[in-house]
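Asks: Here it is, the structure in full.
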Amino acid sequence: MNDATGMPASAVVLGGDSELAAAVLAKLAKRRLERVVLAGRNEQGLARRCSELSALGVGQVNAVHFDATDHQRHDALASEIASELGDIDLVVMATGALERRGIDELTSAEVAQSIDTNFTGPAAALLGFARVLRSQGHGTLVVFSSLAAVRVRRANFVYGSAKAGLDGFCQGLQDELEHAKSGVRLMIVRPGFVHTKMTTGMRPQPLATEADVVADAVVRGLETGAGAVVVPAALGPLSVLMRLVPRPLWRRLPS
Amino acid sequence: MSLKPPPHRERVLASGFGRASASAATTAAVSSPDHLDELIALAATTSGRALARGLGRAYGDAAQCAGGLLLDCRPLDQILEMDPARGVVRVQAGCSLRALLREIVPAGWFLPVTPGTAEVTIGGAIAADVHGKNHHRDGTFSAFVDALVLHTPTGRRNLTATDSPEQFFATVAGMGLTGVISQATVRLAPITTSKMVVETRRGADLEATMEMLERADASHHYSVAWVDGVARGRSLGRSVITLGEHAGVEDLAPPQRTRPLVPARSRSLPVPPLLPRLITAPLISAFNEAYFRRAPRRAKREVLDYPPYFYPLDALSDWNRLYGRRGFLQYQYVVPDERADVVRLVFERLIAAGQHPSLVVLKRFGPAGAAPLSFPRPGWTVAIDLAAGTENLAETLDRLDELVAAANGRVYFAKDGRLRPELVAAMYPELGRWQTTRNELDPEGLFVSDLARRLKLVAWEP
Ligand SMILES: Cc1cc2nc3c(=O)[nH]c(=O)nc-3n(C[C@H](O)[C@H](O)[C@H](O)COP(=O)(O)OP(=O)(O)OC[C@H]3O[C@@H](n4cnc5c(N)ncnc54)[C@H](O)[C@@H]3O)c2cc1C
Ligand SMILES: NC(=O)c1ccc[n+]([C@@H]2O[C@H](COP(=O)([O-])OP(=O)(O)OC[C@H]3O[C@@H](n4cnc5c(N)ncnc54)[C@H](OP(=O)(O)O)[C@@H]3O)[C@@H](O)[C@H]2O)c1
């Protein structure tokens with residue numbers, strides 16, 4: 001059960017080797033977290049994250065295979081994990097892969113693949129978990145969207161549009177969960193540029209931040225019951241402005 | 001406030017009075033004791049989990065049963081038998097204290113123990129083994145319960161403290177986890193008037209406050225201190241202390257003496273839903289200052305109706321909405337007399353953490369009762385209301401739990417929404433004994449609450 005301060009005892013991470021998710025779980029381990037399932041593709045990476053969590057005192061930690069693009073498996077996975085964890089208090093959707101290539105560098109298959117990794121796959125998996133949480137009558141979904149979803153940019157329009165799709169999907173799902181008196185909460189996280197393995201080698205954007213800062217913001221969001229958080233907080237006003245910039249100007253912004 | 005229970009089964013989002021962690025369940029209005037048995041059987045074959053719910057006045061998640069069946073006991077509201085000569089009532093468990101008072105006060109009887117709100121059911125009062133401002137004298141509610149009827153998946157049982165002590169005392173303070181109480185026989189306290197003689201005075205600081213309350217143990221039937229939770233420095237712990245006695249006829253003004261037993265008119269102002277958080281730090285400080293200043297410097301004696309003395313907060317119904325969507329918590333702990341120092345430490349730590357307690361009540365407890373999970377034990381108890389979701393709150397309360405546990409104190413399940421399960425056994429050393437009896441009464445583990453799952457009071461398999 002999540003407690004009255006929003007802290008979970010059990011959690012599932014989809015995209016279990018994510019650095020951002022790992023930073024979040026490390027903080028939750030200091031509170032109430034005692035059972036974790038990390039779901040992902042990369043066995044070695046997952047094993048390492050599992051031992052990190054055990055070292056932080058999380059009693060029960062397991063890894064399971066999860067590929068966001070394997071849609072047929074999602075529903076079964078959600079119920080398998082539910083029976084393993086007993087109760088799923090928190091689901092963190094951290095699957096994603098940055099795609100910065102453009103019109104001339106990407107094959108159609110690669111475009112479809114990127115959109116599957118960042119939108120269709122995560123959305124399909126989320127729905128399975130949302131159903132499990134709804135039948136539990138409680139639970140929280142945390143979904144990593146991106147600042148890139150706020151308004152799609154020329155520089156990464158494939159990734160940006162996929163994240164925008166996921167973001168919109170989550171907003172609709174939030175309303176649906178609330179309307180259905182599901183007892184389930186969904187929080188959308190929109191980070192700006194964060195130094196993680198996803199961004200290694202890239203030129204940092206303004207207000208670039210660290211995984212730890214994102215994790216603090218996520219934990220704080222769980223405490224306050226926020227529907228969405230933008231990190232770092234300074235990007236909050238910017239994300240509002242971003243929506244208002246006229247297209248001709250938006251188009252010309254440097255990538 | 002919608003007191004009318006829903007007519008059939010429906011999905012609801014149930015929360016405690018603090019509204020800080022709701023969960024969804026199916027709810028069914030219990031229309032009769034037989035219907036209750038049917039619903040228990042139904043739950044056993046469907047979701048496999050059920051829980052009694054009264055008026056939802058537990059602050060945290062004690063009356064929530066995520067994904068299960070909530071048995072709404074409010075329709076079981078009949079007073080089955082009343083012996084006006086001996087002051088004994090047999091009453092259904094969904095009857096509210098308020099409704100019961102309306103019937104017994106004119107006959108010259110009062111509740112032997114009452115919590116700070118009358119919007120509580122008899123079942124809830126027994127399941128939490130509630131205490132009142134007279135705990136130092138009279139103990140908890142269960143001390144006045146002669147018998148109760150408990151419904152479990154294996155049938156109905158009549159429980160009494162003498163014939164079935166283990167089961168009786170596991171159900172008392174058992175937070176609904178042994179089954180559903182459908183009725184209870186309660187011994188009342190005699191009164192000659194419906195009024196209270198109340199002595200009000202200021203406590204300049206924590207030391208003065210505690211000293212006065214200690215002295216009141218011997219001199220007064222009822223005692224409690226409202227504490228300014230945001231005053232610091234030399235004013236830390238400043239308070240308004242109210243000491244009460246049931247008034248005798250001689251205490252009333254002559255015109256009132258002809259009709260000394262008047263049941264309270266129940267009128268309360270509603271608070272609209274969907275408010276933003278209105279109870280904010282500056283408001284709390286301003287209110288506390290005014291409340292403290294308004295209290296007389298020298299003791300003042302006055303005669304009041306019983307509701308403003310016992311239930312001042314009931315004048316505003318749904319006042320919990322003033323905390324906005326995120327809700328609030330109440331942290332109530334008790335520490336033994338030897339560790340009275342903890343009371344000061346807790347205030348200091350809350351202030352240091354930047355917290356703004358909105359309502360703080362300090363009281364003395366007398367001897368503990370016999371129920372393994374009963375909260376009161378001799379010493380000091382403090383109840384502290386705090387807006388939920390504020391910065392540092394979760395960690396600060398975690399540290400306070402450790403302090404309280406190390407002092408052989410405990411926190412109150414009826415108020416809790418966030419204790420760590422690891423500390424429960426230290427706070428309630430008789431937990432194991434209670435679990436044994438509970439497992440006998442409910443071998444399949446049908447009765448479970450969000451609180452019980454969170455704190456691992458019972459073994460849990462979904
Ligand atoms: C303003 C305010 C002041 C309060 N002051 C005090 C105080 O001074 N002292 C004190 O001790 N408490 C106090 N309380 C707490 C309150 O008295 C308890 O939480 C009480 O249990 C609430 O009763 P309820 O009918 O609302 O029960 P609920 O909140 O609906 O349920 C509480 C628990 O009782 C169980 N339960 C309810 N009905 C039954 C039944 N028929 N059979 C079996 N189990 C049942 C539930 O399963 C749950 O575990 C206060 C609460 C409020 C809101
Ligand atoms: N870092 C940033 O600047 C930033 C900014 C905004 C939003 N985000 C979002 O935040 C989330 C976490 O990112 P991060 O920074 O923690 O990066 P990360 O460490 O690379 O984590 C992303 C994870 O997604 C997994 N993944 C990718 N494709 C998958 C698939 N098809 N199936 C299953 N797992 C898959 C990756 O696992 P593999 O090892 O198997 O590839 C990786 O563990 C992502 O959704 C990302 O888009 C990040």
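The values are calculated or read from the model by the stated rules, or taken from the named source; none is laboratory data. Since this is a predicted model, take the numbers as computed values, not measurements. Because the Cβ atoms are built from the backbone with ideal geometry, glycine has one as well, and the counts that use them run over all protein chains shown. Protein only, heavy atoms only, side chains kept; ligands, DNA and RNA dropped before computing areas. Shrake-Rupley method; radii C 1.70, N 1.55, O 1.52, S 1.80 Å.
Asks: Just need a number here: residues in region B:440-457 that are surrounded by fewer than 21 Cβ atoms within 10 Å (Cβ to Cβ) and either more than 20 Å from B:Thr46 (Cα to Cα) or within 14 Å of chain A (Cβ to nearest Cβ) (or both).
Replies: Matching residues across region B:440-457 total 3.
Asks: What pairs come out if I take residues in region B:51-64 that are within 11 Å of chain A (Cβ to nearest Cβ) and pair them with residues that are open to solvent by 20 Å² or more (accessible area, probe 1.4 Å) and near ligand 1 (Cβ under 6 Å from one of its atoms) whose C-beta lies under 6 Å away, six or more apart or interchain?
Replies: B:Tyr59/B:Phe17
Asks: Just one of the numbered conditions (1) modelled with pLDDT of 95 or more; (2) more than 14 Å from chain B (Cβ to nearest Cβ) is not true of A:Glu176; which one?
Replies: With (1) modelled with pLDDT of 95 or more; (2) more than 14 Å from chain B (Cβ to nearest Cβ) applied to A:Glu176, the lone miss is (2).
Conditions (1) open to solvent by 50 Å² or more (accessible area, probe 1.4 Å); (2) touching a residue at least 24 places away in the same chain (Cβ under 8 Å); (3) not assigned by TED's automatic domain parsing to the domain that holds B:Trp109, marked per residue:
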site	(1), (2), (3)
B:Thr209	no, yes, yes
B:Glu214	yes, yes, yes
B:Val230	no, yes, yes
B:Arg259	yes, no, yes
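Asks: Could I ask something else about it? How about region A:16-51: which of its residues are more than 18 Å from the chain's Cα centre (by Cα) and of a type in the set (Asp, Glu)?
Replies: Correct list: A:Glu34, A:Glu43.
Asks: Could we say that B:Leu386 is more than 15 Å from the chain's Cα centre (by Cα), in contact (Cβ under 8 Å) with a residue 60 or more places away in the chain, within 14 Å of chain A (Cβ to nearest Cβ) and closer than 26 Å to B:Arg53 by Cβ here?
Replies: no
Asks: Tell me, yes or no, whether region A:75-94 has at least one residue that is within 13 Å of ligand 2 (Cβ to nearest atom), away from chain B (no Cβ under 14 Å) and more than 30 Å from B:Asp450 (Cβ to Cβ).
Replies: No, region A:75-94 has no match at all.
Asks: Condition test on B:Gly132, is it on the phi > 0 side of the Ramachandran plot and in contact with a Phe, Trp or Tyr (Cβ under 9 Å, 6 or more places away or on another chain)? Steps first, please.
Replies: Values: on the phi > 0 side of the Ramachandran plot: no; in contact with a Phe, Trp or Tyr (Cβ under 9 Å, 6 or more places away or on another chain): yes.
Spelling it out, it is not the case that B:Gly132 is on the phi > 0 side of the Ramachandran plot and in contact with a Phe, Trp or Tyr (Cβ under 9 Å, 6 or more places away or on another chain).
Asks: Something else now. In region A:148-172, what count of residues is obtained for those that are out of contact with any helix residue (DSSP H, G or I) (no Cβ under 6 Å at 6 or more places or on another chain), open to solvent by 20 Å² or more (accessible area, probe 1.4 Å) and under 27 Å from A:Met198 (Cα atoms)?
Replies: 6
Asks: Tell me the strands (runs of 3 or more DSSP E) entirely within region A:1-87 that contain at least 1 residues that are surrounded by fewer than 17 Cβ atoms within 10 Å (Cβ to Cβ).
Replies: A:60-65
Asks: Just to be sure I understand, how many residues within region A:92-113 are touching a residue at least 24 places away in the same chain (Cβ under 8 Å) and open to solvent by 10 Å² or more (accessible area, probe 1.4 Å)?
Replies: 12
Asks: Output the residues belonging to region A:95-112 that are within 16 Å of ligand 2 (Cβ to nearest atom), out of contact with any Asp or Glu (no Cβ under 9 Å at 6 or more places or on another chain) and part of a helix (DSSP H, G or I).
Replies: A:Ala109, A:Ala112
Asks: Of the residues B:Asp318, B:Asp305, which single one is more than 16 Å from ligand 2 (Cβ to nearest atom), under 26 Å from A:Gly6 (Cβ atoms) and away from chain A (no Cβ under 14 Å)? Before the answer, list the steps.
Replies: On the way: B:Asp305 fails: under 26 Å from A:Gly6 (Cβ atoms).
One residue alone meets the criteria, B:Asp318.
Asks: I'm checking my understanding of the structure. Among residues of region B:129-138 that are outside any helix (DSSP H, G or I) and open to solvent by 10 Å² or more (accessible area, probe 1.4 Å), which one is nearest to B:Leu362 (Cα to Cα)?
Replies: B:Lys133
Asks: I've got another one for you. Looking only at region A:179-215, filter to residues that are within 30 Å of B:Gln64 (Cα to Cα) and surrounded by fewer than 17 Cβ atoms within 10 Å (Cβ to Cβ); which one of those is nearest to the other protein chains (Cβ to nearest Cβ)?
Replies: Result: A:Ala180.
Asks: Need the failing condition index for B:Ala93 against (1) more than 14 Å from chain A (Cβ to nearest Cβ); (2) surrounded by fewer than 24 Cβ atoms within 10 Å (Cβ to Cβ), just the number.
Replies: Answer for B:Ala93: the failing condition is (2).
Asks: Still on this structure: Considering every residue within region A:121-134, establish whether at least one is assigned to a helix (DSSP H, G or I), more than 16 Å from ligand 2 (Cβ to nearest atom), without any contact (Cβ under 8 Å) to a residue 12 or more places away in the chain and surrounded by fewer than 22 Cβ atoms within 10 Å (Cβ to Cβ).
Replies: Looking through region A:121-134, none of the residues is assigned to a helix (DSSP H, G or I), more than 16 Å from ligand 2 (Cβ to nearest atom), without any contact (Cβ under 8 Å) to a residue 12 or more places away in the chain and surrounded by fewer than 22 Cβ atoms within 10 Å (Cβ to Cβ).
Asks: Sticking with this structure for a sec: Just one of (1) small (Gly, Ala, Ser); (2) closer than 30 Å to B:Ala20 by Cβ; (3) surrounded by fewer than 18 Cβ atoms within 10 Å (Cβ to Cβ) trips up B:Gly327, so point out which.
Replies: (3)
Asks: A further question follows. Select from region B:185-196 the residues that are surrounded by 21 or more Cβ atoms within 10 Å (Cβ to Cβ) and over 18 Å from the mean Cα position of the chain (by Cα) and list them in ascending order.
Replies: B:Leu188, B:Ile191, B:Thr193, B:Ser194, B:Lys195, B:Met196
Asks: Right, another one. For region A:211-226, which positions are over 15 Å from A:Arg185 (Cα atoms) and more than 10 Å from ligand 2 (Cβ to nearest atom)?
Replies: Once the filter is applied, which keeps residues that are over 15 Å from A:Arg185 (Cα atoms) and more than 10 Å from ligand 2 (Cβ to nearest atom), region A:211-226 yields A:Asp212, A:Val213, A:Ala215, A:Asp216, A:Ala217.
Asks: Then there is this: Restricting attention to region A:216-255, which residues are open to solvent by less than 60 Å² (accessible area, probe 1.4 Å), within 14 Å of chain B (Cβ to nearest Cβ) and part of a loop (DSSP other than H, G, I, E, B)?
Replies: Once the filter is applied, which keeps residues that are open to solvent by less than 60 Å² (accessible area, probe 1.4 Å), within 14 Å of chain B (Cβ to nearest Cβ) and part of a loop (DSSP other than H, G, I, E, B), region A:216-255 yields A:Gly225, A:Ala226, A:Gly227.
Asks: Follow-up. Out of everything in region B:357-386 that is open to solvent by less than 20 Å² (accessible area, probe 1.4 Å) and of a type in the set (D, E, K, R), what residue ends up being farthest from B:His131 (Cα to Cα)?
Replies: Within region B:357-386, the match that is farthest from B:His131 (Cα to Cα) is B:Asp385.
Asks: Pick out the one residue from B:Ala225, B:Ala281 that is touching a Ser or Thr at 6+ places or on another chain (Cβ under 6 Å) and either within 16 Å of ligand 1 (Cβ to nearest atom) or within 18 Å of B:Val360 (Cα to Cα) (or both). Spell out how you get there, then give the answer.
Replies: Working: B:Ala281 fails: touching a Ser or Thr at 6+ places or on another chain (Cβ under 6 Å).
Only one candidate qualifies: B:Ala225.
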